[in-house]
Amino acid sequence: MSIAELAPAYIRAISPYQPGKPITQLAREMGIPVDKIVKLASNENPLGMSPRARAATQAAMDGIERYPDQFDLTAALSERFGVGMEQIVLGNGSNDVLDLVARVFLAPGRSSVFSRHAFAVYPLATMSAGGECIVVPAKHYGHDLDAMRSAIRPDTRLIWIANPNNPTGNYLPGAQVKAFLQAVPKDVIVVLDEAYNEYLPPADRVDTLAWVNEFSNLVVTRTFSKIHGLAGLRVGYGVTTAEIADLMHRVRQPFNVNNLALAGAIAALDDHAFIAASFDNNRRGMEQIVAGLKRLGLEHIPSHGNFVTFKAGEAAKVNQALLKQGVIVRPIAGYALPEHLRVTIGLESENARFLEALEKALAG
Ligand SMILES: *Cc1c(COP(=O)(O)O)cnc(C)c1O
């Protein structure tokens, strides 16, 4: 008997999450100084964190000996979005919230449905809970909602939709998502993962949080990791019905969001100047990178997030050549896109370094 055999087969079948390569790791591997490395691999905010959030987290060091109280952030979100406090579930990153939904609704003998090139956490959360993954072929790299609906089986309890999607950047217009929600059986929970919502131009944004009062089977998740620049603090939230939130609270760790994260998130929520600057940097950087990719003759998938995925042919080789030049992007073979690479929109100078390094990498 091996110790591994003591774990259920569904745990042994999990392939671990592959994060973007940390700057410090590349520095160790290649002997490149940390300050010469550009990391555009994890959709982090190139402007750093909101200055107001920085001040708030520093102030929150006073009182760090106390266990956290989630009241203030929950109240701030409730007020901002016009939903009841009992409809909000905070998480240690929105990843935590996704995991809570899976643990509440999945178990061995149950399944979840998601699109082929969807976020890597969906299979992880599904399998950790013992559920089976139903992977639906993509349409133009994005969600094929009709096919996803047809893929629902009697044992299906969850559907995962990232909108915009990571790593492809596809965006489903609100009307399509709403029609999907109307068509899905009420005994299947739909998770609408909106980690990149704040990068959508206002004209494309839909008040999906209000939909939780219309659909008894909807969970919408958002995060402070992306436009708010707090990826390292780990804080996100889910908005849903009071009934679903109550179930999620039963399985979450009592103190799943730490004091610094709670304080930082409250301040970040109101830092409109930082959010606007991040939005503008992203819009300009997206134009810069897309223009550069076109100049190099590379196809890209039009993106609605803070990243863009492009076809690099022998992507593993191109990636290696980029790493040698101190540029970290994200290989996405694990998302069934072995010929593509995903690059996060950085500062203008970082985008320029990436494009320069990419040109050299392609020249071999
Ligand atoms: C980055 C991302 C998240 C957010 O992860 P956190 O745990 O909140 O840092 C969630 N969903 C998708 C699709 C993402 O790309």
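The values are calculated or read from the model by the stated rules, or taken from the named source; none is laboratory data. Because the structure is predicted, anything quoted here is derived from the model rather than measured. All Cβ positions, even for glycine, are placed from backbone atoms using ideal geometry, and neighbour counts span all protein chains on display. These area figures cover heavy atoms from the full protein model, side chains too; ligands, DNA and RNA do not enter into them. Shrake-Rupley method; radii C 1.70, N 1.55, O 1.52, S 1.80 Å.
Hey, among the residues in segment 269-301 that are among the β-branched types (Val, Ile, Thr) and in a helix (DSSP H, G or I), which one's least open to solvent (accessible area, probe 1.4 Å)? Walk me through it before giving the result.
Our first condition is that a residue be among the β-branched types (Val, Ile, Thr); within segment 269-301, this holds for 275, 289-290, 301.
With in a helix (DSSP H, G or I) added as a condition, the list becomes 275, 289-290.
Numbers: Ile275: 37, Ile289: 0, Val290: 24 Å².
If we take residues in segment 269-301 being among the β-branched types (Val, Ile, Thr) and in a helix (DSSP H, G or I), then Ile289 is least open to solvent (accessible area, probe 1.4 Å).
Take the residues in segment 31-44 that are outside any loop (DSSP other than H, G, I, E, B) and out of contact with any helix residue (DSSP H, G or I) (no Cβ under 6 Å at 6 or more places or on another chain), then tell me which one is nearest to Lys324 (Cα to Cα).
Lys36
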Inset, instruction - Examine segment 50-63 for a residue that is at pLDDT below 95 and within 16 Å of the ligand (Cβ to nearest atom), and state whether such a residue exists. - result: yes
Inset, instruction - Determine whether Ile266 is within 30 Å of Ala55 (Cβ to Cβ) and open to solvent by 40 Å² or more (accessible area, probe 1.4 Å). - result: yes
Legend entry - Failed criterion for Arg28 (all others in (1) over 26 Å from the mean Cα position of the chain (by Cα); (2) without any contact (Cβ under 8 Å) to a residue 60 or more places away in the chain; (3) assigned to a loop (DSSP other than H, G, I, E, B) hold): (3)
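When segment 82-134 is examined, which residues are found to be assigned to a helix (DSSP H, G or I), away from the ligand (no atom under 16 Å from the Cβ) and surrounded by 19 or more Cβ atoms within 10 Å (Cβ to Cβ)? So that I can check it myself, show each step before the final result.
From segment 82-134, those assigned to a helix (DSSP H, G or I) are 85-87, 94-105, 121-128; that's our starting set.
Right, trim to away from the ligand (no atom under 16 Å from the Cβ) and you get 85-87, 104-105, 127.
Gln87, Val104, Phe105, Met127, listed by residue number.
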Inset, instruction - Scan segment 312-346 for residues that are exposed (fewer than 15 other Cβ atoms within 10 Å of the Cβ) and not in a helix (DSSP H, G or I) and jot them down. - result: Gly313, Glu314, Ala336, Pro338
Inset, instruction - Please work out if Ala75 is surrounded by fewer than 20 Cβ atoms within 10 Å (Cβ to Cβ), of a type in the set (A, V, I, L, M) and either at pLDDT below 95 or closer than 16 Å to Thr221 by Cβ (or both). - result: no
Inset, instruction - Would you be able to say whether some residue in segment 130-145 is at pLDDT 95 or above, under 21 Å from Gln18 (Cα atoms), of a type in the set (D, E, K, R) and not assigned by TED's automatic domain parsing to the domain that holds Pro16? - result: yes
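Could you list all residues from segment 34-72 that are of a type in the set (A, V, I, L, M) and either loosely packed, with under 12 Cβ neighbours inside 10 Å or over 21 Å from the mean Cα position of the chain (by Cα) (or both)?
First, the residues of segment 34-72 that are of a type in the set (A, V, I, L, M): 34, 37-38, 40-41, 47, 49, 53, 55-56, 59-61, 64.
Those that are of a type in the set (A, V, I, L, M) and either loosely packed, with under 12 Cβ neighbours inside 10 Å or over 21 Å from the mean Cα position of the chain (by Cα) (or both): Val34, Ile37, Ala55, Ala56, Ala59, Ala60, Met61, Ile64.
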Legend entry - Conditions (1) under 18 Å from the mean Cα position of the chain (by Cα); (2) not assigned by TED's automatic domain parsing to the domain that holds Ile289: number failed by Pro22: (2)
Inset, instruction - Restricting attention to segment 232-251, report how many residues are within 12 Å of the ligand (Cβ to nearest atom) and in a loop (DSSP other than H, G, I, E, B). - result: 4
